[in-house]
Structure formats: structure tokens, C-alpha cells
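The values are calculated or read from the model by the stated rules, or taken from the named source; none is laboratory data. Nothing here was measured: the structure is a model prediction, and the numbers come from that model. Here the Cβ is made from the backbone with ideal geometry for all residues, glycine too, and neighbour counts use every protein chain on show. For accessibility, only protein heavy atoms count, side chains too; no ligands or nucleic acids. Shrake-Rupley method; radii C 1.70, N 1.55, O 1.52, S 1.80 Å.
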Amino acid sequence: MLWTLVLSVTLCHAEVRLPQIFQSGMVLQRGTEIPVWGQASPQETVIVTLNKKRATAVADASGRWRVDLPAMKAGGPYVLEIKGQGAETKTLTDVWIGDVWLCSGQSNMETTLERVSPQYPDELNDSNNMVRLFHVQYQTDTRQPSADLRPTSWQPLNRKNAWTFSSIGYFLGKQLQREKGVAQGIIESAWGGTPIEAWISADTLAKYYPVMHRQTQLYQEDTFIQAQRRAGTLADQRWQAILNQGDPGLVPVEGSKGALWTQLSFDDASWAEVDQYDLTAQPSPMAGRRSWIGSLWLRQHIHISKEHAGKAAQLLLGTLYDSDVTYINGVQVGSTGYQYPPRRYQVPEGLLREGDNVITIRFVNKGGMPYFVKEKPYRLVFATDDIQPLGQRWKIQTGLEMPNPIGVGINLQYQPSTLFNGMIHPMAPFAVAGVVWYQGESNADTSQAREYASLLRLMMANWRQTFERPEMPFVIIQLANFMEPSEQPQNTGWSMVREAQRLVAKEDTRAELAVTIDRGETVDIHPLRKKDVAERVALAFERLLWNPKVQLSPEVEMAVAEGGQVVCTLSQPLQTNGQLYEFEVAGNDGRYVNAVAEGAGSTIVIKSSVANPSSIRYAWKNNPIRANVYGKNGLPMSPFEMKIK
């Protein structure tokens with residue numbers, strides 16, 4: 001009896017718990033009811049107070065409670081108090097009411113301020129206490145929605161906190177705070193390389209895409225997952241061990257910590273010399289090969305002046321495929337484990353000497369052919385205005401050729417519903433002003449691209465239901481231009497995904513499209529001009545939430561055939577008149593050919609060799625680099641495909 005009484009008292013005074021999204025320093029959404037929820041003892045009364053507003057809830061049988069505070073105007077800082085029946089009170093301070101934005105998707109949403117920092121040197125030291133950043137940590141769940149997010153926190157915007165935060169989120173928060181004058185909360189919940197189906201709930205997929213749903217069910221046995229992960233780790237470790245043990249370049253040098261082929265004293269006179277952008281040209285040992293799995297070594301001798309000797313510097317090696325370890329004079333200055341990050345390696349004081357020095361790169365590839373990415377910087381930087389370019393010629397030698405790796409392990413973030421469960425549902429129904437969605441690259445395989453519009457519609461409806469906001473606005477960032485340009489018509493998955501994004505945004509009254517077809521890079525799937533992207537997102541939200549008269553990208557409202565040519569009427573006048581590019585025309589056979597186009601005012605006239613045009617396309621390529629249709633507001637027209645009336 002005594003133990004029962006003690007247990008009863010303990011349960012009555014159990015600590016009231018809040019999910020990770022509720023913390024000091026947070027931003028809550030203005031102008032709408034504010035849900036606040038958490039855990040307590042079953043049947044415990046919980047009182048929530050904010051800005052002189054008060055709400056009461058009673059925890060249910062599982063201990064879950066929730067209140068909905070009334071809508072409030074922007075302001076702060078406030079104190080949010082959550083009081084249980086006992087003496088304990090949960091107190092959150094520095095709480096603001098303003099606008100909250102959920103930024104989600106894959107790696108282009110994740111691309112950090114650090115990654116784009118060379119593009120925006122004047123932005124790096126900004127601080128703004130009225131912009132708060134909330135980074136959702138990686139988390140997957142194959143069975144059900146997670147109870148909560150992994151530990152994280154709300155942080156004020158400054159260089160330290162923004163350096164590894166979404167650059168789009170960073171620029172968006174700063175701009176909207178400046179324009180609206182209220183606190184901005186930016187939630188980043190993104191994971192590179194992930195497909196859209198990973199962000200959709202299991203019950204939604206079970207209804208509309210049952211095979212996808214069953215795919216995730218394959219990964220619900222912990223023993224199987226652990227065994228696969230262990231096998232993948234062991235296989236990779238074994239592969240690396242064999243490579244490192246047999247690589248002639250890694251032979252240790254007596255009296256030095258460095259490996260043989262990294263040393264300045266090593267005689268590389270017998271090595272072939274190649275251009276860094278053509279590693280397979282004669283007399284390279286790579287000549288005639290289409291791939292190289294294993295290690296490949298490159299060395300370049302550079303002359304350092306007396307003025308620069310001993311100085312610290314930054315070595316920029318553009319981006320490389322795939323992983324690298326880089327040395328200067330036998331000392332490792334950096335390494336990167338995969339292809340996308342820019343190589344910005346710090347050279348310590350005292351390492352560079354007057355006269356001859358050597359840079360050594362050890363490529364390690366598990367597929368494809370090692371290469372240097374064009375149009376990226378390759379140089380030593382001593383100061384902003386003190387740069388020493390590297391040459392394009394390198395000495396080259398094979399290390400150790402290897403077989404294909406045998407273990408791939410399991411990446412649960414690629415499986416359907418796992419990220420909805422782990423990184424979206426635990427935040428719901430937190431009130432947000434809108435969602436920014438930047439994803440699609442991982443669904444741009446042609447077969448997958450055909451399903452993208454359907455999946456995007458489902459995801460948006462799914463999130464609106466989950467967050468209990470049927471009108472929740474979405475801004476969809478359209479895929480940017482990427483890959484080698486083509487002069488001939490293409491029909492690729494990238495174009496199909498862009499068209500899906502355009503159509504879904506057009507048909508949804510609470511969605512807009514941010515067109516970025518002119519902000520990509522031929523050589524980089526992660527283009528750097530993220531501030532421009534954020535500005536277009538902000539403009540789209542301006543139209544959705546505050547000013548419906550705002551004009552976004554121009555659109556073709558009507559296309560008619562007249563005497564063998566096609567006349568298009570636009571939604572707004574062109575920025576400039578004249579010749580326009582990247583238009584194509586098809587007849588009833590569906591075969592597109594290049595066309596000539598001329599623009600004047602709000603009209604575009606398209607001429608081609610097709611006698612009876614039935615449809616047109618614009619910028620329908622991976623990288624339609626000549627696309628030049630802009631509206632009077634300076635925004636580019638979206639790629640599209642359209643039937644002719």
C-alpha cells in the first residue's frame with residue numbers, strides 16, 4: 001500500500017516534457033493559432049502561458065497533452081511557461097512571435113553558407129538576433145513516426161551558427177526580416193541525395209504507391225539492418241586496407257612522417273605529364289581507359305617566391321572526382337571523401353619554402369575515372385589580392401588498381417517514408433508560415449521523373465494534413481541548369497522533373513514556383529548563387545501571403561499556329577525584344593526540332609521547319625544555357641512543354 005502511494009505521488013509530479021522544437025530562443029508563428037504540446041503524467045493538468053495569454057489542457061491516458069494558444073501579433077521577447085500540477089514549471093525565455101519557414105529537400109537545400117562563402121564575402125560576418133536558425137538533425141525511422149527530433153536547438157543568426165546552416169535559409173531569413181521587420185525562424189530539415197518518397201508518410205504511400213510502401217517494410221528488421229551495415233563497414237575497411245597496403249605511393253620514408261610519392265625529394269622525372277582536364281590522353285598511363293578503380297597519383301611542382309616563402313595560404317583545388325588526399329612537400333593539408341565539396345585546404349605557416357615545392361594529390365576512386373572539374377578555381381591564395389594560379393600540367397602515375405567494392409551497406413534515408421517519420425512528423429503540428437521545397441535531382445531518372453508530379457502533389461497534401469494547415473503555402477524551387485549543354489533537342493528526366501514542378505505549382509493556388517534555370521552551373525550540381533535563389537523564394541512568398549499583384553516569372557498564356565509559325569502570348573512584357581533561343585517545335589509525330597524565335601512586347605513568334613506545328617518546348621534540356629526569355633521584372637521564364645491550339 002505504501003509503495004502504491006509513493007508511486008502515485010511520483011507520477012502526479014512527473015516532469016512536464018516538451019519536444020525539441022520548443023526551446024528558449026525560438027520563434028512562433030504570428031497571425032494563427034499556436035499549437036504547444038508535450039508529455040506529462042496521464043490526466044495531469046497543464047497550464048501554458050505566453051504574452052498574457054493562457055490555455056489549459058489535461059494529458060490523455062498516454063500522457064500527451066496539447067493546447068492551442070490564440071493568434072498573436074509579432075513581438076517579443078516573451079517568456080513561455082508550461083506548468084504542471086506539481087511545483088515544477090518549464091520556462092522558455094527569449095521567445096519571439098514572427099514568421100517561421102520550413103526549408104526542406106535534398107543537398108541543394110542543405111548547401112551551407114561555408115560552401116557558398118567565396119561568392120558572398122561581404123555576408124560572412126553578419127549577425128541578426130531577430131533571425132533564429134533551427135537545424136533538424138539526421139534521423140530515420142522505418143516503422144513509424146519518431147516520438148521526437150534528435151537533440152538540437154534554436155540559435156541566433158551569426159557567422160558561427162550560419163556557417164554550416166542552409167545558405168538558402170540564411171539568405172531568406174535575413175531578407176524577410178529586413179523587409180517585414182519581425183522575427184524570422186528558419187527550420188532546416190533536409191538530407192542530401194534523398195528522393196521525394198522518403199519525405200512522404202507511409203499511410204499515404206500505402207494507399208497510392210503500395211510497392212514503395214512495401215519497399216520500406218523490407219527494412220524493419222533490426223537484426224537484418226545491423227548485419228547489412230556491419231557487412232558494408234567491414235567490406236569497405238577491407239577494400240581500403242588492401243589498397244593502402246599495396247599502394248606503392250604510400251611506402252613510408254625513413255626519417256619522415258610522409259609517404260614516398262608525397263615527398264619533395266622524390267624523383268618523378270619518369271612520370272608522364274598530362275593536362276588536368278584530359279587525364280586519359282597519351283602518354284598518360286590512363287590512356288585508352290574508361291574507368292579507374294583504386295588510387296591515382298598526380299604531382300605538380302610550383303615555384304614559391306622569397307616574399308611568399310613560409311606564409312600561410314589556402315590551396316584551392318576546385319572540385320575533384322571522387323575522393324582525394326592532398327599533400328604539400330610531404331605534409332597532408334587536406335582530404336575530402338566524395339566529389340561535391342570544394343577543396344579549400346589550409347596551408348600552415350612554414351610549409352611553403354622559397355623555390356621548388358610540390359603539390360601531390362592521391363585520388364581514390366571506387367567507380368568511374370578520376371578528373372578535375374572545369375570552371376573551378378585551382379590556385380594558392382595568400383590574400384584576397386595575392387593569388388598564385390596553379391598550372392594545368394601534372395605528373396601522373398597509377399597507384400594500385402582495385403576490383404569493384406563489394407559492400408554497399410544500407411542507407412535508410414533513401415527508403416520511402418523514413419525521413420517523414422524521422423524529420424518531419426515529430427515537428428507537427430508546429431505552426432509555420434510556409435514551406436520551401438528544393439528537391440528533385442534524385443528523382444530525375446527518366447522512369448522516376450514521370451511519377452514526380454503525382455508524388456509532389458501527395459507530399460504537399462500529406463504535409464498540409466500533418467501540420468493541420470490545409471492552406472499551408474509552398475514555394476517549389478525548380479531544378480537549375482546543369483551538365484554539358486546540347487545544341488540538339490533532349491528529352492531528359494531533369495526536364496520532366498522541372499515540368500512536373502511547374503505544373504504542380506501552377507495548379508495549386510497555395511503554391512508558387514521559383515525558377516532557377518539561369519542560376520545553375522555546367523559543372524556543379526550544387527550551384528553557388530544561393531542568394532539569388534532565396535530572393536526569388538522571398539518574392540514568391542510575397543505574392544502568396546502579402547501581395548497577390550506581385551509578378552513572378554513570365555508564362556505563355558496561349559500558343560496558336562498561324563501560317564506555319566507559332567505565336568505565343570505572354571503574361572507580361574519581355575525585358576528586352578529580339579532573338580530568343582532554346583525553343584523547339586514538333587508536329588503530330590512528336591519529334592522536336594530546333595526553332596528560331598523573336599520576341600517583342602508580350603509576344604513571341606516561333607518559326608521552324610515543321611509545316612504543321614502541334615506543340616512547342618522551351619529550355620527543355622539538362623542545361624539550356626542559351627535560354628534568354630526574361631519578363632520585365634528580370635525573372636526568367638520557366639522551361640515548359642505546351643500543346644498548340
*asked:* Could you derive backbone 3J(HN,Hα) for segment 470-482 from the dihedral phi with the Karplus parameters 6.51, -1.76 and 1.60 (θ = phi - 60°), listing whole Hz in sequence and x where the residue is Gly or Pro?
replied: x, 9, 4, x, 10, 10, 9, 8, 6, 4, 7, 5, 6
*At q = 0.26 Å⁻¹, base-10 log of I(q)/I(0) for segment 356-421 (Debye sum, equal scatterers on each alpha carbon)*: -1.30
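For every other residue with a beta carbon closer than 12 angstrom to the beta carbon of Q439, add +1 if it is Lys or Arg and -1 if Asp or Glu, then tell me the sum.
Neighbour charge sum, excluding Q439 itself: -3.
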*asked:* Sort 482-490, 175-183 by the packing proxy (mean of other Cβ within 10 Å over each peptide's residues), most packed first.
replied: 175-183, 482-490
*May I ask you to list the lysines whose Cα is less than 20 Å away from that of K607, ignoring any residue fewer than eight positions away on the same chain?*
K621, K643, K645
*Taking a probe of 1.4 Å, how large is the accessible area per residue of segment 371-439, in Å²?*
39
*Rounded to the nearest 500 deg cm²/dmol, what is the calculated helix-only ellipticity per residue at 222 nm for the chain, with -39500 (n - 2.57) per DSSP H run of length n ≥ 4?*
-5500 deg cm²/dmol
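P429: net charge of surrounding residues, Cβ under 13 Å, Lys/Arg +1, Asp/Glu -1, itself excluded? Please report the intermediate quantities before stating the final value.
Numbers: positive: R64, R66, R464, R469; negative: E33, D68, E468.
Once positives and negatives cancel, what remains is +1.
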*Would you mind classifying segment 566-645 by shape? Square roots of the alpha carbon gyration tensor eigenvalues, ordered a ≥ b ≥ c; an a/c under 1.5 is rounded, otherwise it is prolate if a/b is larger than b/c and oblate if not.*
prolate
_Amide H contacts under 5 Å for T516, placed H, 5+ residues apart_ = Q478
*Name the long-range amide H neighbours of G334: under 5 Å, sequence gap of 5 or more, or other chain; modelled H, no Pro or chain starts.*
T326
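Given K506/K530; K174/K632; K549/K632, which pairs have Cα atoms separated by over 18 Å?
On the way: K506/K530 23 Å; K174/K632 26 Å; K549/K632 14 Å.
Violating the 18 Å Cα-Cα cut-off are K506/K530; K174/K632.
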*Mind checking the log10 I(q)/I(0) for segment 579-621 at q = 0.28 Å⁻¹? Debye, one equal scatterer per Cα, no solvent, two decimals.*
-0.98
*Which whole-Hz ³J(HN,Hα) couplings does segment 382-398 yield from phi under the Karplus relation 6.51 cos²θ - 1.76 cosθ + 1.60, θ = phi - 60°, glycine and proline marked x?*
8, 7, 3, 10, 9, 10, 10, x, 8, x, 8, 9, 9, 7, 10, 8, 6
*At a 1.4 Å probe radius, carbon and sulfur cover how many percent of the accessible area of the chain?*
49
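How would you order 93-104, 624-635 from highest to lowest mean count of nearby Cβ atoms within 10 Å?
On the way: 93-104: 23.5, 624-635: 18.1.
Those peptides, ordered most packed to least, come out 93-104, 624-635.
For the chain, what does the alpha-carbon gyration tensor say about shape, rounded, prolate or oblate, given a ≥ b ≥ c as the root eigenvalues, a/c under 1.5 as rounded, and a/b over b/c as prolate?
Working: a/c = 1.76, a/b = 1.18, b/c = 1.49.
Oblate shape, in that a/c is at least 1.5 and b/c is the bigger or equal ratio.
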*Show me 323-331, 281-289, 418-426 ranked by packing, highest mean number of other Cβ atoms within 10 Å first.*
418-426, 323-331, 281-289
_Eligible lysines near K90 by straight Cα distance, threshold 24 Å, same-chain separation 8 or greater_ = K52, K53, K73
*Volume per residue of the C-alpha convex hull in segment 411-509, rounded to whole Å³*: 110
_Going by amide H atoms built from the backbone, whose H comes under 5 Å of the H on F482, apart from near neighbours?_
N623
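Before I look further, what does segment 572-645 give for accessible area per residue, probe 1.4 Å, in whole square angstrom?
Working: 3320 Å² over 74 residues.
Result: 45 Å² of accessible area for each residue.
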_Bins of 10 Å, beginning at zero and ending with the bin holding the largest distance: percent of Cα pairs per bin for segment 115-271, please._
8, 20, 19, 21, 21, 9, 1
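Given Cα pairs under 8 Å that are at least 6 residues apart, what percent is the relative contact order of segment 261-387? Numbers along the way, then the final one.
On the way: 279 pairs, mean separation 44.9, N = 127.
For segment 261-387, the relative contact order is 35 percent.
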*Which ³J(HN,Hα) values in Hz, rounded to whole numbers, follow from the phi angles of segment 305-316 under the Karplus curve 6.51 cos²θ - 1.76 cosθ + 1.60, where θ = phi - 60° and Gly and Pro get x?*
6, 4, 5, 9, 4, x, 7, 6, 8, 10, 9, 9
